[in-house]
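Note sheet for the following structure.
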Amino acid sequence: MSYYPPPPQQNIWRAQPPVSGLAITGFIVSCVGCLFTWIAVGLILCPLGIIFSSIGMSQTGPGKREGRWASVAGLVLGIVGLAFSLLILLMVSTR
């Protein structure tokens, strides 16, 4: 009886869609803005994080780029950080 080797297997893989750079940027800027909400840096970085995350959200989704999680998290962190920054600014300015 003759032995036949198994047929060679082919590597079949799909290329992953690229990750949205603006979504990641918005997430990082919003995180840093939330860390510095107690100083004026939060008032500058949180709105930038909201803008970048909003643009990143429009770039992501089904059939588009990856990174929807980063844009949603960046948007939420930016809004929360901006709210706390404004609250702290209001509390300091009323004294």
(request) Just need a number here: residues in region 33-47 that are assigned to a helix (DSSP H, G or I) and either surrounded by 17 or more Cβ atoms within 10 Å (Cβ to Cβ) or of a type in the set (K, R) (or both). (result) 7
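Quick check on this structure: which one of S53, S71 is part of a helix (DSSP H, G or I), in contact with a strand residue (DSSP E or B) (Cβ under 8 Å, 6 or more places away or on another chain) and surrounded by 17 or more Cβ atoms within 10 Å (Cβ to Cβ)?
S71
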(request) Return the total of residues in region 1-56 being free of Cβ contacts under 8 Å to residues at least 40 places away in the same chain, aromatic (F, W, Y) and within 15 Å of I79 (Cα to Cα). (result) 2
(request) Out of the residues in region 23-32 that are among the hydrophobic types (A, V, I, L, M, F, W, C) and touching a Ser or Thr at 6+ places or on another chain (Cβ under 8 Å), state the one that is surrounded by the fewest Cβ atoms within 10 Å (Cβ to Cβ). (result) F27
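Quick note: the coordinates plus some simple rules give every number you see, no bench work behind them. Being a predicted model, the structure only gives us computed values, none of them experimental. Positions of Cβ are backbone-derived with ideal geometry, glycine not excepted, and every protein chain shown enters the neighbour counts.
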